[in-house]
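Bear in mind that the values in this text are calculations on the coordinates, not laboratory data. Everything numeric here is computed off the predicted structure, so don't read it as measured data. Note that we place each Cβ from the backbone using ideal geometry, even for glycine, and neighbour counts take in every protein chain shown.
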Amino acid sequence: MSAALSVDLGSRSYPIHIGSDLLDDAALVAQSVAATQIVIITNEIVAPHYLARCRRSIDAQECYELILEDGERAKSFANFERIMGFLLERRIERSAAIVALGGGVVGDLAGFVAACYQRGIAYVQVPTTLLAQVDSAVGGKTAINHPLGKNMVGAFHQPRAVIADTATLATLPPREFSAGIAEVIKYGLIRDYPFLVWLEDQLDALLERDPVALAYAIRRSCENKAAVVAADEREGGARATLNLGHTFGHAIETGVGYGAWLHGEAVAAGTCMAARMSARMGWLSAVDVRRIERLFERARLPLEAPSDLTPARFLEIMSRDKKNVGGQIRLVLLEGLGTAVVTGSYPAAALLATLAEGAAAA
């Protein structure tokens, strides 16, 4: 059964449906997609499990499928061009809809295609990973990667709906599941301290994929994400706090090569670095930092950046971060557990010490 939330954006508002076996709910899928031409974009890992089920629930005069390779490297200019050619060859019209069936890579790429094709067509997010269900499928951020930076080419383009079928998480590998928990923990750290406490108490149940704990964690995460996006759709202020750990984390992903680390793994290490930086600012205690590290450690996530990523390389990549203003690297830090701030006002020595500490510890 679906438990719908809403992302309130006026004329661009849309529902987030959360529940088990939603892919088999033909009425829900048809209502969400609602187009005579539909293109399902997925990947080689997801397709054998869920493509046929998704297609059975779609009622359209024309329905096409495009299956991509798996992994972060798929979020590329080459695949963007490939999909555009696929749409043009089939004379897909502006009234069509794209269905993004997969994790964050599929959702980001398909969403960016939808934003650009004929200056914008509809799309529906059907996330099949925990990370996508709690974060990337919600909020309308779409992008592809560039060798010089992750998600540096993209657009804001809100989906028509998000259909988060929690039953799809049963086939998610443990490493991918843990990567998703990194984004769940983020919400507790930046704005929802009671949720952070709940996670500390229920993390073992969550790792075991207890259905009650999982449903609550997904819904609470989506509630937090929806509230932030509704208040700041295009990241002019508070929405940037959702990037806790991402400035460091994106540098890790870019520095080691896309796909070597999962996004959630890089965010986990990056969040631990942000916590240590916050402690250098006098905002977190050593106990707070260890509390954060322990939660990521229990979730089987890395706490340190790779040792071969030097402070100089970190700074080179971070200098291109989207939050930067006037050449100043802006960071999301924690003024306390449950309170985040975006700032460029910090001692340069504190950042260098944080980067050096990570390299030495890894």
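Hey, for a label at residue 9 modelled as a point 7 Å past Cα toward Cβ, could you say which residues of the range 215-238 have their backbone N under 20 Å away? It comes to 219-238, nothing else.
Principal-axis analysis of the Cα atoms of the chain puts helix 211-231 at an angle of about 80° to the longest axis. DSSP loop (so not H, G, I, E, B), at most 15 other Cβ within 10 Å: list which GluC sites (Glu not before Pro) in the range 198-240 pass both filters. In loop regions of the range 198-240 (DSSP not H, G, I, E or B), the sparsely surrounded GluC sites (Glu not before Pro) are 208. Note on the chain: GNM, Cα springs under 10 Å; of 217, 161, 60, the largest mean-square fluctuation is that of 60. Under the convention that each Lys and Arg Cβ holds +1 and each Asp and Glu Cβ holds -1, the size of the dipole of the range 3-171 around its Cα centre is about 460 debye.
Working note: Karplus 6.51/-1.76/1.60 with θ = phi - 60° gives the range 172-186 the couplings 6, x, x, 5, 5, 5, 4, 4, x, 5, 4, 6, 5, 4, 3 Hz, where Gly and Pro are set to x.
Shown for 136, 11, 20, 95: other C-beta atoms within 10 Å of each C-beta, ranked fewest to most, produce the order 11, 95, 20, 136. Relative to the longest principal axis of the C-alpha atoms of the chain, give the angle of the C-alpha long axis of helix 104-116, reported between 0 and 90° and rounded to the nearest 10°. Once rounded, one gets 60 degrees. One chain, two ends: residue 148 and residue 300. Fully extended at 0.36 nm per residue, the span grows by 51.8 nm beyond their Cα-Cα distance. Amide H to amide H, which residues 5 or more places from residue 161 or on other chains are under 5 Å from it, using H placed in the peptide plane? Answer set, sorted by chain and number: 125. Based on the reciprocal of the average 1/r between different C-alpha atoms, the Kirkwood radius for the range 3-171 equals 15.5 Å. Mean residue ellipticity at 222 nm, helices only, the chain: -14000 deg cm²/dmol; runs of at least 4 DSSP H residues each add -39,500 (n - 2.57), and the sum is divided by the number of residues. For residue 328, no residue has an amide H sitting under 5 Å from its own, ignoring neighbours fewer than 5 places away on the same chain, with H placed 1.01 Å from N. The trypsin sites (Lys or Arg not before Pro) found in the range 285-335 that occupy coil by DSSP, while having at most 16 further C-beta atoms within 10 Å, are 300, 320.
Working note: Debye formula, equal point scatterers on the alpha-carbon atoms of the range 174-361, no solvent; log10 I(q)/I(0) at q = 0.15, 0.19 Å⁻¹ is -0.85, -1.38.
Taking the DSSP bridge list for the range 3-171 and keeping only pairs wholly inside it, about 30 percent are antiparallel. Stokes-Einstein D for the chain at 10 °C, 1.306 mPa s, Kirkwood Rh over Cα pairs, in µm²/s? Rounded, D is 78 µm²/s.
For residue 44 and residue 315, the FRET efficiency from 1/(1 + (r/R0)^6), where r spans their Cβ atoms and R0 equals 30 Å, is about 0.25.
Listed values for the range 202-210 are Karplus-derived 3J(HN,Hα) couplings in whole Hz (6.51 cos²θ - 1.76 cosθ + 1.60, θ = phi - 60°), namely 10, 4, 4, 5, 5, 5, 7, 6, 4, and x replaces Gly and Pro.
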